[in-house]
Amino acid sequence: MYSIKRVLFFLTLISALLPAPVLFAATLECGPGKPLKTLSSAVSVAQANDKILLFAGTYHESLVHIRKPLTIEGIGMPVIDGGENKDVITIEGDHISIKGIEIRNSGKSTSRDYAGIKMVNSSHCVIEHCRFINNFFSMHLDHSKQCIIKNNYLNGNAKTETASGNGIHIWKCDSFSILFNKIERHRDGIYFEFVRNSRIISNVSNNNLRYGLHFMFSDYDSYHYNIFSNNGAGVAVMYTQHIDMKGNTFTKNWGPTSYGLLLKDINFSRISGNSFIGNTVGIQMENANKLRIQGNNFSQNGWAMRIMGNCEYDTVVANNFIGNSFDLSTNSSGTGNLNVLEANFWDKYKGYDLNRDKTGDIPYRPVSLFSMFVESVPSAVVLLHSFMIDVMDEVEKNLPSLIPVTLVDSKPKMKKN
Amino acid sequence: MFKIFKYSLLDLLRSRWLIFYFLFFLTSSFLLFYFSSNAAKALVSLLHVEVAIVPLVSIIFGVMYYYNSREFIELLLAQPLKRDTIFLGLYLSLSSSLAFCFVLGTGIPFIYFNTGFSDIGSFGYYLLTGVMLTYIFTAFAFLISLLNENRIKGFGLSILVWLYMVVVADGIFLLLLMYFQDYPLEKLTLALTILNPVDLSRVLVLLNLEISALMGYSGAVFNSFFGSIPGIITAFLSLLMWILLPLFVFLKIASRKNF
């Protein structure tokens, strides 16, 4: 008798200590032929920490509002069709995860930001293995923290910039991880504003109307190993500091106002090991200060880098410049240049290395006279590869008088870094 | 006319100079295609050769040929033949043989190295503009040598024409752009480009290569013009005008000249 009492005592003790929901979490089934026919009914019936299994089928629902910790898991990729009515799913709470469902047709508006999944004031949420088709914003996340967005496919079917939203739009958030997503045909692929301590890793963002990735006022973030191609204006990082950009690929961002990477008002950041291939401008720098640009590959770009006169204390080290129409151009005469160029490989370098230390003995001036002309008169670009221009460039390179004499790589590499 | 064309063409194709010209293009394009990783890169380098060498050789060789065949021309003039047919026959045979050497010299390496026929469109433009340039500058050569009995003067003038078209015109072009840089210059640039056959050829080929997309806002303006059907037609009409104008003046003067 005594021992039973004791066992009971321990049991009550254990159940009191353990968080109650873990013990009593249930799994609800929802789908055609199941007792629960719609996701919203399942969400309203479910208790906190329950798991909802959503079976394959098309659910015509919108404005599904999730306020309690739930796991929603799709079986066989069920489709939730918002019917173009406002937001499809709204998340407002902690520990909510959504996995393996397809969300279609959110509302479209010019005054409100309707989204496939809207997240407000949440934390510790996970959105993974989902598909977002034809939504205005695919994900609109604000005032949240510590969430993971992983392995999703987003296609916005965007036609014009004004009538389309962003793929992953994050506003005033902290500690987000955006991993392995594929984003296409939105206005901006990924949009960060006031987002801190977040990382964007191994995503593919292409064919977006404006930027593949857009940073505004977001500090201490990193993005690594992403691919950005064929975006209207490339990638923009503006009004930020302490950003780590590593191993990304920027390709074929073509057009009159297109950049591989646009840096504007950015400080203390590091750009390393990226590839810039076939962009109108590889990196455009405006008021970008104290950056370290190291070990990147620039090939087949119109302009590999454009460094405006208001950029100071930038270090450009050990990069490769191959087959670009212009390696470097600037709008300043360069007398007060405070940037450092060193140990880069320039395929247009014609110097020699007598002491065999793999470093050219004469300095290389990457800013050509013609690029200075083009900078002041853009139309002059029509003379590219003209016989006269080539002769002029060659003469100027040997006897510089007009090109900025301080913007010079004093130790150019003889072979690729 | 056809007989004169045929005989002088056959005569020309046996000339050492033309074989040398053919071999020059063959080796230079062979090397460029061999050492470039893709056809587009080689084409940019070949373009430098085209816009400088084709006009130079056409005009110098044209002047040389005309002076050397003066006796042959006088002989032909003594025959009951129309002057137009004689001169047109000579002109066509010379320019066609030069164009033939150019097309074969660059075409063979292109086909040999580029079995996938990538960039075939821009290569087509390259060949077409090269042929047009040949016809333009041989027409100039004939006109110059007809106007100058003095050989030294003729050669000097032909080099001046080449220098103007290839180098000086671009310099003036650049000066104009710098001088008027406060104004929107896209239309002026387009007009100036169309008016110079050498610039026009270069731009037509460049815009058909991928780099057209890389030339920023101005590049986009040119691309939209030269990429449209009216733009292409205007460009080739302009090149055609540059052939017909000197040729017409040449035939006009030749028909009245007392040899």
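Some points to look at:
- Of all residues in segment B:113-164, those satisfying the criterion of being of a type outside the set (A, V, I, L, M, F, W, C) and closer than 22 Å to B:F87 by Cα are B:T134, B:Y135, B:T138, B:S145, B:N148, B:E149, B:N150, B:R151, B:K153, B:G154, B:S158.
- The number of residues in segment A:339-377 being among the aromatic types (F, W, Y) and within 32 Å of the chain's Cα centre (by Cα) comes to 2.
- Positions within segment A:249-287 being part of a strand (DSSP E or B), open to solvent by 20 Å² or more (accessible area, probe 1.4 Å) and more than 14 Å from A:I307 (Cβ to Cβ), in sequence order: A:T249, A:T251, A:D265, A:N267, A:R270, A:S275, A:I277
- The one condition in (1) more than 10 Å from chain A (Cβ to nearest Cβ); (2) farther than 27 Å from B:V63 by Cβ that B:A139 fails to fulfil: (2)
Residues are listed down the side, and each one gets a yes or a no for (1) facing another protein chain (nearest Cβ under 10 Å); (2) surrounded by 13 or more Cβ atoms within 10 Å (Cβ to Cβ); (3) in contact with an Asp or Glu (Cβ under 6 Å, 6 or more places away or on another chain):
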residue	(1), (2), (3)
B:L207	yes, yes, no
B:S228	no, no, no
B:F236	no, yes, no
B:M241	no, yes, no
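- B:L81 vs. criteria of a type in the set (A, V, I, L, M, F, W, C) and crowded, with 20+ Cβ neighbours inside 10 Å: no
- Among the residues making up segment A:226-248, those that are assigned to a loop (DSSP other than H, G, I, E, B), away from every other protein chain (no Cβ under 14 Å) and within 20 Å of A:Q300 (Cα to Cα) are A:N226, A:G247, A:N248.
- Taken over segment A:315-329, the criterion of being surrounded by fewer than 24 Cβ atoms within 10 Å (Cβ to Cβ), of a type outside the set (A, V, I, L, M, F, W, C) and at pLDDT 90 or above is satisfied by A:T315, A:N320.
- Tallying residues that are away from every other protein chain (no Cβ under 14 Å), open to solvent by less than 20 Å² (accessible area, probe 1.4 Å) and not in a loop (DSSP other than H, G, I, E, B) within segment A:288-308 yields 3.
- For the criterion of being without any contact (Cβ under 8 Å) to a residue 12 or more places away in the chain and more than 26 Å from B:I194 (Cα to Cα), B:F110 fails.
- Any hit, segment B:112-131, residues being within 25 Å of B:S28 (Cα to Cα), more than 14 Å from chain A (Cβ to nearest Cβ), of a type in the set (A, V, I, L, M, F, W, C) and loosely packed, with under 14 Cβ neighbours inside 10 Å: yes
- Any hit, segment B:246-256, residues being more than 10 Å from chain A (Cβ to nearest Cβ) and within 21 Å of B:S122 (Cα to Cα): no
- Residue match in segment A:215-232 (condition: among the β-branched types (V, I, T) and open to solvent by 10 Å² or more (accessible area, probe 1.4 Å)): yes
- Positions within segment B:85-111 being farther than 16 Å from B:F24 by Cβ and open to solvent by less than 10 Å² (accessible area, probe 1.4 Å), in sequence order: B:I86, B:F87, B:G89, B:L90, B:Y91, B:S93, B:L94, B:S95
- In segment A:317-385, counting only strands (runs of 3 or more DSSP E) that sit wholly within it, the ones holding 1 or more residues that are within 14 Å of another protein chain (Cβ to nearest Cβ) span A:320-322, A:326-329.
- All positions within segment A:36-60 that are assigned to a loop (DSSP other than H, G, I, E, B) and either surrounded by fewer than 19 Cβ atoms within 10 Å (Cβ to Cβ) or of a type outside the set (D, E, K, R) (or both): A:K37, A:T38, A:A46, A:Q47, A:A48, A:N49, A:A56, A:G57
- Selection from segment A:87-109 of residues that are over 15 Å from A:I149 (Cα atoms) and among the small types (G, A, S): A:G93, A:S106, A:G107, A:S109
- Qualifying residue in segment A:175-183 (condition: closer than 17 Å to A:A233 by Cβ, of a type outside the set (A, V, I, L, M, F, W, C) and buried (at least 24 other Cβ atoms within 10 Å of the Cβ)): no
- Residue within segment B:86-107 that is over 26 Å from B:I144 (Cβ atoms) and touching a residue at least 24 places away in the same chain (Cβ under 8 Å) present: yes
- Residue that is farthest from A:P78 (Cα to Cα) [pool: residues in segment A:101-122 that are without any contact (Cβ under 8 Å) to a residue 40 or more places away in the chain and open to solvent by less than 10 Å² (accessible area, probe 1.4 Å)]: A:S122
- Candidate set from segment B:185-205 (those that are under 11 Å from A:S379 (Cα atoms), open to solvent by 20 Å² or more (accessible area, probe 1.4 Å) and facing chain A (nearest Cβ under 9 Å)); member that is modelled with the lowest pLDDT: B:E186
- Residue match in segment A:395-405 (condition: loosely packed, with under 13 Cβ neighbours inside 10 Å, away from chain B (no Cβ under 14 Å) and in a loop (DSSP other than H, G, I, E, B)): yes
The values are calculated or read from the model by the stated rules, or taken from the named source; none is laboratory data. This one's a predicted model, so the numbers in the text were calculated from it and none came from an experiment. So basically every Cβ, Gly included, is an ideal-geometry build from the backbone, and we count neighbours across all protein chains shown. Quick note on the areas: whole protein, heavy atoms, side chains included, nothing else; ligands and nucleic acids left out. Shrake-Rupley method; radii C 1.70, N 1.55, O 1.52, S 1.80 Å.
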